[in-house]
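Contents: one structure, followed by commentary.
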Amino acid sequence: MTTKLEKLHKEIVACRACPRLVEWREEVARVKRRAYRDWNYWGRPVPGFGDPGARLIIVGLAPAAHGANRTGRMFTGDRSGDFLFAGLHRAGFANQPHSEHREDGLTLKDAFIVAAARCAPPDNKPLPEELARCAPFLDREMALLPGRVLLALGAIGWNAALASLERSGVELSSPRPAFGHGAEVRLPGGRTLMGCYHVSQQNTQTGRLTPAMFDAVMARVRVLLDGKR
């Protein structure tokens, strides 16, 4: 039986609402990177990935041009994914520490990955109007997940999560909660929004985000999921 989540993901994959992103993602898929010239690139919007019963929802930015835009699975096939899935494996949310392609056996347990934008954007920078067009997908996906902890990777993921929460009727404090690594916002219904620096190479290769820092955030996620404050 096709689930509501599966139906939504079919809609996401078929979306062509943003001409700039459609042109870019398809050009990347056609031209390819030399290292991946033998790949058949995905070249379409990328739906969420993970455990439909997940209590942890990870909110990312967008697919990478030669990562998820190539593989069709969030964070798969690039250095950001190498860092993220290794960390999720250490924390017990992933069955293996690597992610190479859609059929590599990776599964997530109690975690689901969504994104503010579903198409790979030029320079990894979706425009505000592109994020706005993608927002309903994020809202609908999050509404279908039980998520008790929302882990936002980077400021864009944080702001996208906050905006989605507001659209769902959640009243946020004033001033608006600010993003920060390790930032924590308690939400109605026992949920929590947490912030983590994005797992991009510009953060992980410069030491702004280290494995130990990521592990500390995930340890706090575990505490929250266990019902302790």
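The values are calculated or read from the model by the stated rules, or taken from the named source; none is laboratory data. The structure displayed is predicted, hence computed values, not measured ones. Cβ atoms come from the backbone with ideal geometry, glycine included; neighbour counts cover every protein chain shown. These accessible areas exclude ligands, DNA and RNA; they are computed on the full protein's heavy atoms, side chains included. Shrake-Rupley method; radii C 1.70, N 1.55, O 1.52, S 1.80 Å.
Among residues of region 56-74 that are under 12 Å from CYS119 (Cβ atoms) and among the small types (Gly, Ala, Ser), those with a Cβ under 6 angstrom from a residue that is in a strand (DSSP E or B) and open to solvent by less than 10 Å² (accessible area, probe 1.4 Å), sequence gap 6+ or separate chain, pair up as ALA62/ALA115.
For region 68-82, the set of residues classified as within 17 Å of ARG34 (Cα to Cα) and buried (at least 24 other Cβ atoms within 10 Å of the Cβ) consists of ALA68, ASN69, ARG70, THR71, GLY77, listed by residue number.
Within region 116-125, restricting attention to residues that are modelled with pLDDT of 95 or more and farther than 20 Å from GLY169 by Cα, the residue that is surrounded by the fewest Cβ atoms within 10 Å (Cβ to Cβ) is PRO122. Going residue by residue through region 137-150, is there one that turns out to be open to solvent by 20 Å² or more (accessible area, probe 1.4 Å), in contact (Cβ under 8 Å) with a residue 24 or more places away in the chain, in contact with a Cys (Cβ under 8 Å, 6 or more places away or on another chain) and part of a helix (DSSP H, G or I)? Yes: region 137-150 contains one or more residues that are open to solvent by 20 Å² or more (accessible area, probe 1.4 Å), in contact (Cβ under 8 Å) with a residue 24 or more places away in the chain, in contact with a Cys (Cβ under 8 Å, 6 or more places away or on another chain) and part of a helix (DSSP H, G or I). Counting only residues that are hydrophobic (A, V, I, L, M, F, W, C) and part of a loop (DSSP other than H, G, I, E, B), region 62-108 holds 8 of them. Does region 186-196 include one or more residues that are part of a helix (DSSP H, G or I) and modelled with pLDDT of 95 or more? No, that holds for no residue. Entry remark, region 184-229: residues being open to solvent by 70 Å² or more (accessible area, probe 1.4 Å), within 14 Å of ARG55 (Cα to Cα) and touching a residue at least 12 places away in the same chain (Cβ under 8 Å) number 1 in total. Close Cβ contacts (under 6 Å, 6 or more residues apart or on different chains) running from residues in region 97-113 that are of a type outside the set (Val, Ile, Thr) and modelled with pLDDT under 95 to residues that are surrounded by 14 or more Cβ atoms within 10 Å (Cβ to Cβ) and assigned to a loop (DSSP other than H, G, I, E, B) comprise SER99/THR76; SER99/LEU106; ARG102/GLY72; ARG102/ARG73. Going by the conditions given, is ALA132 of a type in the set (A, V, I, L, M), over 21 Å from ARG25 (Cα atoms) and either surrounded by fewer than 23 Cβ atoms within 10 Å (Cβ to Cβ) or under 14 Å from the mean Cα position of the chain (by Cα) (or both)? No, not satisfied. For the criterion of being in contact with a helix residue (DSSP H, G or I) (Cβ under 8 Å, 6 or more places away or on another chain) and surrounded by fewer than 22 Cβ atoms within 10 Å (Cβ to Cβ), SER99 fails. Looking across ALA155, ALA178, ALA161, one residue alone is open to solvent by 30 Å² or more (accessible area, probe 1.4 Å), at pLDDT 95 or above, among the hydrophobic types (A, V, I, L, M, F, W, C) and not in a loop (DSSP other than H, G, I, E, B). It is ALA155.
Apart from one condition, GLU166 fits all of (1) over 30 Å from GLY43 (Cα atoms); (2) in contact with a Leu (Cβ under 8 Å, 6 or more places away or on another chain); (3) touching a residue at least 24 places away in the same chain (Cβ under 8 Å); the exception is (3).
Scoring GLY87 on the criteria (1) touching a residue at least 40 places away in the same chain (Cβ under 8 Å); (2) touching a Ser or Thr at 6+ places or on another chain (Cβ under 9 Å); (3) open to solvent by less than 50 Å² (accessible area, probe 1.4 Å) leaves a single failure, condition (2).
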